[in-house]
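The values are calculated or read from the model by the stated rules, or taken from the named source; none is laboratory data. Predicted, not measured: the structure shown is a model, and the values here were computed from it. With ideal geometry, Cβ positions are generated from the backbone for all residues, glycine too; neighbour counts draw on all protein chains shown. Please note that ligands, DNA and RNA were not included when accessible areas were found on the heavy atoms of the full protein model with its side chains. Shrake-Rupley method; radii C 1.70, N 1.55, O 1.52, S 1.80 Å.
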Amino acid sequence: MSGKINIVLALLLVACALSLVKAQYQARNLFIELGKFEQQARQLDIDWAQLQLDQSTLGKNARIEQIARTDLNMAPLTPARTQYLTEGAK
């Protein structure tokens with residue numbers, strides 16, 4: 001009878017050991033995955049900061065004026081070029 005108990009206890013011990021190994025393996029994989037996600041989050045933060053910088057640069061008045069002058073061949077408005085419309089008498 002004590003032989004059967006020893007076998008059952010040995011099987012339980014092996015099952016617990018296998019369960020422990022599996023849990024450690026899963027924890028290791030989750031830790032590696034966490035590291036990958038943290039690296040991805042850092043890269044996304046860097047990309048976001050770069051996009052904000054680009055947005056602030058592209059929206060500056062000097063850049064808009066420079067593009068209007070060079071690409072669109074626009075000139076600044078002067079009083080000599082201004083046309084005023086008046087409402088005619090009815």
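Overview of values
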{"item": "Net lengthening on full extension, ALA62/GLN40 (0.36 nm per residue, minus Cα-Cα)", "result": "4.4 nm"}
{"item": "Probe 1.4 Å, protein heavy atoms only - accessible area per residue of the range 4-63 in square angstrom", "result": "94"}
{"item": "Magnitude of the charge dipole, the chain, Cβ model with Lys/Arg +1 and Asp/Glu -1, debye to 20", "result": "260"}
{"item": "All aspartates and glutamates inside 17 Å of LYS36 as judged from Cα atoms, apart from same-chain residues fewer than 8 positions distant", "result": "ASP45, ASP47"}
{"item": "Rg over Rh [alpha-carbon atoms, Kirkwood Rh] for the chain", "result": "1.73"}
{"item": "Accessible area of the chain belonging to carbon and sulfur atoms, whole % at 1.4 Å probe", "result": "65"}
{"item": "Unit charges at the beta carbon, dipole of the range 21-89: most positive-side option, THR86, ASN73, VAL21", "result": "VAL21"}
